[in-house]
Amino acid sequence: MPVLNVYKLDGSQAGTVEVNNEIFGIEPNKNVMHEVLVAELAEVRQGSASTKTRAEVRGGGRKPFRQKGTGRARQGSTRAPHMVGGGVAHGPKPRNYAKKINKKVRKLALKSALATKINEGNVIVLDDFSLETPKTKTFINFAKALNFDNAKQLYVVSFDSENFDRDYFVELSTRNIEKVITISTRELNIYWLIKQDKVVLTKEALATIEEVLA
């Protein structure tokens, strides 16, 4: 059963915690991770690029010159794709890039990404801390104490009703630190788990993840 180190906000270790082997101890499925990552990146595409065809460009209703006798190639409209000011042939139109992924596949991808991070020793748990006000320096010192201040860090908080203010202060405290991202458990995705080097889970976030992915 995987074991994660638990740390206090001052950087001191506060013990360890055993996590669910069926969630965090599985054999990572890289193919599924790739499939879900592609879907996540596709979902954030706007798909709003648009061009006008020859039928949509204004003008061009009159034949530009007579059919025969000019020595030029015959033309029916100045809005044909090969004409300056004409429409676009095979250009982009608004579309939805979203790709359907089953819930079980998404869960397996998240489990695989988390298991990969744990196997690399890049997941820790943050517990036994309280914040009265947001303070960026506190989290800078926390990262320095654990020697990953130069790494890209991902903080995962739960934003539950009991700890909402504390988790919100975590977000405010870390948002101005370079390479640091804070997200809620509802926003947890493959992209950030792969992109960031270190993952810091609050104890409440860990419990929520185990409950959701069980």
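Only one of these is of a type outside the set (V, I, T) and part of a loop (DSSP other than H, G, I, E, B): K93, K117, K144. Name it. The conditions single out K93. Checking segment 67-77 against the condition returns no match, with no residue being under 30 Å from K99 (Cα atoms), in a loop (DSSP other than H, G, I, E, B) and not basic (K, R).
Residue pairs whose Cβ atoms lie under 6 Å apart, sitting 6 or more positions apart in sequence or on different chains, and linking a residue in segment 5-17 that is on the phi < 0 side of the Ramachandran plot to a partner that is part of a loop (DSSP other than H, G, I, E, B) and open to solvent by 60 Å² or more (accessible area, probe 1.4 Å), are K8/D128; A14/K8; A14/D128. Candidates in segment 107-144 are the residues that are touching a Ser or Thr at 6+ places or on another chain (Cβ under 8 Å) and of a type outside the set (V, I, T); of these, the one that is most open to solvent (accessible area, probe 1.4 Å) is K135. Return a yes/no flag: does segment 151-163 have any residue that is acidic (D, E), farther than 20 Å from V44 by Cα and not in a loop (DSSP other than H, G, I, E, B). No, segment 151-163 has no match at all. Among the residues of segment 45-55, is any within 26 Å of K107 (Cβ to Cβ), of a type in the set (A, V, I, L, M) and open to solvent by 30 Å² or more (accessible area, probe 1.4 Å)? No, every residue in segment 45-55 fails to be within 26 Å of K107 (Cβ to Cβ), of a type in the set (A, V, I, L, M) and open to solvent by 30 Å² or more (accessible area, probe 1.4 Å). Please work out which residue is nearest to the chain's Cα centre (by Cα), limiting yourself to segment 26-60 and to residues that are in a helix (DSSP H, G or I) and acidic (D, E). Filtering segment 26-60 for residues that are in a helix (DSSP H, G or I) and acidic (D, E), the one nearest to the chain's Cα centre (by Cα) comes out as E40.
The values are calculated or read from the model by the stated rules, or taken from the named source; none is laboratory data. In this text, all values refer to a predicted model and were calculated from it rather than measured experimentally. Cβ atoms come from the backbone with ideal geometry, glycine included; neighbour counts cover every protein chain shown. Surface accessibility is based on the protein's heavy atoms, side chains included, excluding ligands, DNA and RNA. Shrake-Rupley method; radii C 1.70, N 1.55, O 1.52, S 1.80 Å.
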